[in-house]
Amino acid sequence: MATPLSATWQLAALKAEGCKVVEYKSWRTHNRNHKGAWGPVNGVMIHHTVTSGTALSVRLCYDGYSSLPGPLCHTVGAKDGTLYMVGNGRANHAGSGDDDVLRAVVDERDLPPDNEANTDGNRHFYGIELINLGDGKDPWPPEQVDAAARWAAALCRAHGWNERSVIGHLEWQPGKIDPRGFTMNTFRTRVKSLLSKPAGWQPSPPAPAPQETDMPHTLGRYDTKDRPLIPGKWTTLTIDGVDLIAGATAYQAMVQLTASVPEGATLQGRFYHSRPDGSRWDSGITERLGTAGHTFADFHNAGSVKPDEKVRFEAVYYPVDPADQKSITVTTSRARGLYWK
């Protein structure tokens with residue numbers, strides 16, 4: 001937790017880290033401070049622009065557009081490694097995210113899954129937009145990734161933070177995928193390496209760009225079919241298909257259910273790996289209690305899976321009175337997450 005750096009101190013920190021910086025228009029006074037607080041700051045956030053071309057991307061991030069005025073970040077990272085300063089203060093880049101993630105950033109510990117959007121991120125994070133289409137095909141030049149890591153390291157060094165104060169948009173707000181093309185763990189390792197050396201250190205030869213094999217695939221499914229749950233019977237839920245994930249080696253997944261669970265009754269869920277020989281591996285069971293009205297329950301798991309195994313999800317319902325054998329109905333099911341092949 002810290003007071004935001006002034007424009008002058010930001011420039012000094014970036015230049016000391018070896019960054020090539022361009023001041024764009026009136027960036028020193030360009031902000032959204034009239035719409036909310038700026039600070040205390042707790043970390044830095046990495047994005048990709050979903051655009052191409054330096055001039056267009058920098059202008060867009062400075063001006064924004066009708067539904068989302070600029071600045072859309074504090075810095076824009078070009079393909080050639082040049083950093084364009086477009087904002088100083090509150091910027092429209094992070095949006096609402098998970099308060100549990102913010103607490104983890106403050107504590108500089110492992111991040112929990114982002115499953116809520118209840119906290120103002122524009123107040124707490126510096127943001128950089130890296131020019132990339134985000135389609136998994138647009139390349140990430142080494143100069144661009146190195147400059148982004150130096151930008152993050154410079155701000156962390158200035159505030160006394162370590163690499164765990166650096167997060168991706170996809171780790172903050174549910175449904176986001178950026179940055180796409182490298183993992184944040186790979187990026188944080190690069191920042192950690194920079195912070196272990198004097199400011200401005202230059203590698204020889206230049207550090208390689210993150211490998212394409214680090215790119216995660218996105219899990220995103222939604223199903224509104226009504227599915228009954230019989231008391232005491234585990235039921236595999238099809239969420240736009242029986243298999244949530246197939247052919248992966250590692251994954252992080254969350255299933256969210258909306259169900260008519262009586263208040264005080266129990267809804268349990270677990271993930272399992274289905275194997276070709278008919279056997280299976282079960283994750284731990286997560287239990288949620290029914291609430292008045294509809295119950296909104298979430299279940300999480302992260303693990304590794306063999307290429308010939310399938311990841312599935314099942315749930316079971318237990319009434320308050322065991323003699324009550326009426327079924328309940330799951331009305332919506334949503335699966336989100338990332339997986340690596």
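Taking each residue of region 136-151 that is under 23 Å from G200 (Cβ atoms) and looking for partners that are in a helix (DSSP H, G or I) with beta-carbon atoms closer than 7 Å, six or more apart or interchain, yields A149/F187; A149/R190; A149/V191; A149/L194; R150/L194; W151/L14. Taken as a whole, region 305-317 holds no residue that is touching a Gly at 6+ places or on another chain (Cβ under 6 Å), of a type in the set (A, V, I, L, M), farther than 20 Å from T238 by Cβ and modelled with pLDDT of 90 or more. When region 117-133 is limited to residues that are open to solvent by 10 Å² or more (accessible area, probe 1.4 Å) and not β-branched (V, I, T), the one that is nearest to A37 (Cα to Cα) turns out to be R123.
When L338, L267 are screened for being within 30 Å of K176 (Cβ to Cβ), touching a helix residue (DSSP H, G or I) at 6+ places or on another chain (Cβ under 9 Å), open to solvent by less than 70 Å² (accessible area, probe 1.4 Å) and not in a loop (DSSP other than H, G, I, E, B), only L338 passes. Checked against (1) modelled with pLDDT under 95; (2) open to solvent by 30 Å² or more (accessible area, probe 1.4 Å), G136 passes all but a single condition, namely (2). In the set (1) farther than 19 Å from F187 by Cβ; (2) within 17 Å of the chain's Cα centre (by Cα), H48 fails one condition alone, (1).
One line per residue, one yes/no per condition, for (1) farther than 21 Å from A253 by Cβ; (2) touching a strand residue (DSSP E or B) at 6+ places or on another chain (Cβ under 6 Å); (3) modelled with pLDDT under 90:
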{"site": "D298", "(1), (2), (3)": "no, yes, no"}
{"site": "P319", "(1), (2), (3)": "yes, yes, no"}
{"site": "R334", "(1), (2), (3)": "no, yes, no"}
{"site": "L338", "(1), (2), (3)": "no, yes, yes"}
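Between D114, D100, D110, the distinction of being under 16 Å from the mean Cα position of the chain (by Cα), closer than 30 Å to L257 by Cβ and loosely packed, with under 14 Cβ neighbours inside 10 Å belongs to D110 only. When region 214-238 is filtered for residues that are among the acidic types (D, E), under 25 Å from the mean Cα position of the chain (by Cα) and open to solvent by 80 Å² or more (accessible area, probe 1.4 Å), nothing remains. Each residue in region 239-264 was checked for being over 25 Å from the mean Cα position of the chain (by Cα) and surrounded by fewer than 16 Cβ atoms within 10 Å (Cβ to Cβ), and 3 pass. Outside any loop (DSSP other than H, G, I, E, B) and over 27 Å from G181 (Cβ atoms): which single residue out of V106, V58 fits that description? After ruling out the rest, the residue left standing is V106. The residue of region 64-97 that is nearest to L130 (Cα to Cα), among those that are open to solvent by 10 Å² or more (accessible area, probe 1.4 Å) and among the polar types (S, T, N, Q), is N92.
Of everything in region 273-331 that is aliphatic (A, V, I, L, M) and more than 30 Å from the chain's Cα centre (by Cα), the residue that is surrounded by the most Cβ atoms within 10 Å (Cβ to Cβ) is I328. Scan region 37-67 for residues that are in contact with a Gly (Cβ under 7 Å, 6 or more places away or on another chain) and of a type outside the set (F, W, Y) and the total you get is 8. Number of residues in region 235-264 that are assigned to a loop (DSSP other than H, G, I, E, B), touching an Asp or Glu at 6+ places or on another chain (Cβ under 8 Å) and β-branched (V, I, T) equals 2.
Note on region 30-50: residues that are open to solvent by 20 Å² or more (accessible area, probe 1.4 Å) and either in contact (Cβ under 8 Å) with a residue 60 or more places away in the chain or among the basic types (K, R) (or both) amount to 9.
The values are calculated or read from the model by the stated rules, or taken from the named source; none is laboratory data. As the structure is a prediction and not an experimental result, all values here were calculated from the model. Neighbour counts are summed over all protein chains in view; Cβ atoms, including those assigned to glycine, are modelled from backbone coordinates with ideal geometry. In case anyone asks, the SASA skips ligands and DNA or RNA and just uses the protein heavy atoms, side chains included. Shrake-Rupley method; radii C 1.70, N 1.55, O 1.52, S 1.80 Å.
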